[in-house]
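J.: I have a structure I would like to understand better, so I am pasting it below and will then ask my questions one at a time.
What follows is calculated from the coordinates using simple rules that are stated; it is not laboratory data. Bear in mind the structure is a predicted one, so any value in this text is a computation, not a measurement. Neighbour counts run over all protein chains shown; Cβ positions are idealised from the backbone, glycine included.
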Amino acid sequence: MNETLPGIWIKPGKFKKILTQNLTPGKQFFDEELVKEGGTEYRVLDPKRSKLGAAVAKGLHRSGFKKGSIVLYLGASHGYTPSYVSDIIGAEGFMICLDFAPRVVRDLVFVCSERENMAPLLGDAKKPESYADKIPEVDVVYQDIAQKDQLDIFIKNCDKFLKKNGHGLLAVKARSIDVTKRPGDIFKDIRKRFDAEKGYSITDYRELDPFEKDHSFFVVKKQ
């Protein structure tokens, strides 16, 4: 078993498994598979349910996460991927999990109540000024939002909350941006935008097919 990224292991076999060390041993929140290795319990991250998992399955070599990271997660939904980020950053880290839908935040509250390094926040990622008083400077901004202006939302939040040399992770949903354009062209446009944007450099990029159709994953570093 190899730790390919901080806090993320790959268990080899006919079907490779992506693992994180369970921060709450014995507890499952999403019917995920649990694996025991050397007396330690790990959770299996499904790349078909998680953009982060899909990016790792496609060879992601840099995430920006590490033990003790402070994270702002935009588009936390029911908390599936955030719960794995919680494992990755460990008890020393902390994550604010934001979503605008009260229904899913109710589910998210349940997950956060069992994990002390996660806090739910009901809010609109388009309006970072509305929750600025609740967010410290963070090491990582992670965004998974299906909005036409998802790139602008991401940059606005990174500008406001991400510390210098921090990392931004952006899951791009091409069909939410423009259904008339080819996804590959949209991904190129976003790359050009980052190249032109002062203060950000792309450190990793993965297209997520076949796990997530018409999706890509960008990792950027704030200069």
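J.: May I have the convex hull volume per residue, in Å³, for the Cα set of the range 90-185?
T.: Convex hull volume per residue, Cα atoms: 120 Å³.
J.: Shifting gears a bit: For each pair in K66/K127; K134/K163; K67/K164; K160/K221; K181/K222, compute the distance between the two Cα atoms and list the pairs where it is over 23 Å. Walk me through the numbers on the way to the answer.
T.: On the way: K66/K127 28 Å; K134/K163 16 Å; K67/K164 18 Å; K160/K221 14 Å; K181/K222 29 Å.
Violating the 23 Å Cα-Cα cut-off are K66/K127; K181/K222.
J.: Taking Cα centroids, how far is the range 190-218 from the range 132-160 in Å?
T.: 15 Å
J.: Collect residues whose amide H, placed 1.01 Å from N in the peptide plane, falls under 5 Å from the amide H of V138; neighbours closer than 5 in sequence don't count.
T.: L162, K163
J.: Using 0.36 nm per residue of separation minus the Cα-Cα distance, give me the extension gain between A146 and K188 in nm, one decimal.
T.: On the way: separation 42, 0.36 × 42 = 15.12 nm, distance 1.81 nm.
My answer for the length gained is 13.3 nm.
J.: Follow-up question, since we're still on this one. Quote the convex hull volume per residue of the range 1-95, based on C-alpha atoms, as a whole number of Å³. Provide the component values of the computation, followed by the final result.
T.: On the way: hull volume 9.5 nm³, N = 95.
Output value, Cα hull per residue: 100 Å³.
J.: I would also like to ask the following. To make sure I understand, if each residue's beta carbon is the centre and we count other beta carbons within 10 Å, what order do E212, E32 fall in, fewest to most?
T.: On the way: E212 22, E32 18.
Neighbour counts put them in this order, fewest first: E32, E212.
J.: Moving on. Rank these for me by crowding, H78, H215, H61, going from fewest to most other beta carbons within 10 Å.
T.: Numbers: H78 19, H215 22, H61 12.
So the ranking, lowest neighbour count to highest, is H61, H78, H215.
J.: Let me ask something additional. With a 10 Å Cβ neighbour count serving as the proxy for reagent exposure, in which order, fewest first, do K58, K36 appear? The partial results should precede the final answer.
T.: Values: K58 18, K36 10.
With the fewest neighbours first, K58, K36 line up as K36, K58.
J.: Straight distance only, please: which lysines reach the Cα of K36 with their own Cα at less than 20 Å, same-chain residues fewer than 8 apart left out?
T.: Straight-distance partners of K36: K11, K14, K16, K17, K27.
J.: Percent relative contact order of the chain, based on C-alpha pairs within less than 8 angstrom and at least six residues apart? Display every interim value, and only then the final one.
T.: Details: 447 pairs, mean separation 38.7, N = 223.
It rounds to 17 percent for the chain.
J.: Let me ask another. P(r) for the range 46-222: what percent of alpha-carbon pairs falls in each 10 Å bin, starting at zero?
T.: Bin by bin from 0 Å, the calculated values are 10, 40, 39, 10, 0.
J.: Go through S176, S201, V141 and say which Cα lies farthest out towards the positive end of the charge dipole of the range 138-223; charges sit on Cβ, +1 for Lys and Arg, -1 for Asp and Glu.
T.: S201
J.: Follow-up. Need one number for the range 36-77: average projected area of the convex hull over its C-alpha atoms, nm².
T.: Working: hull surface 17.6 nm².
Computed as one quarter of the Cα hull surface, the answer is 4.4 nm².
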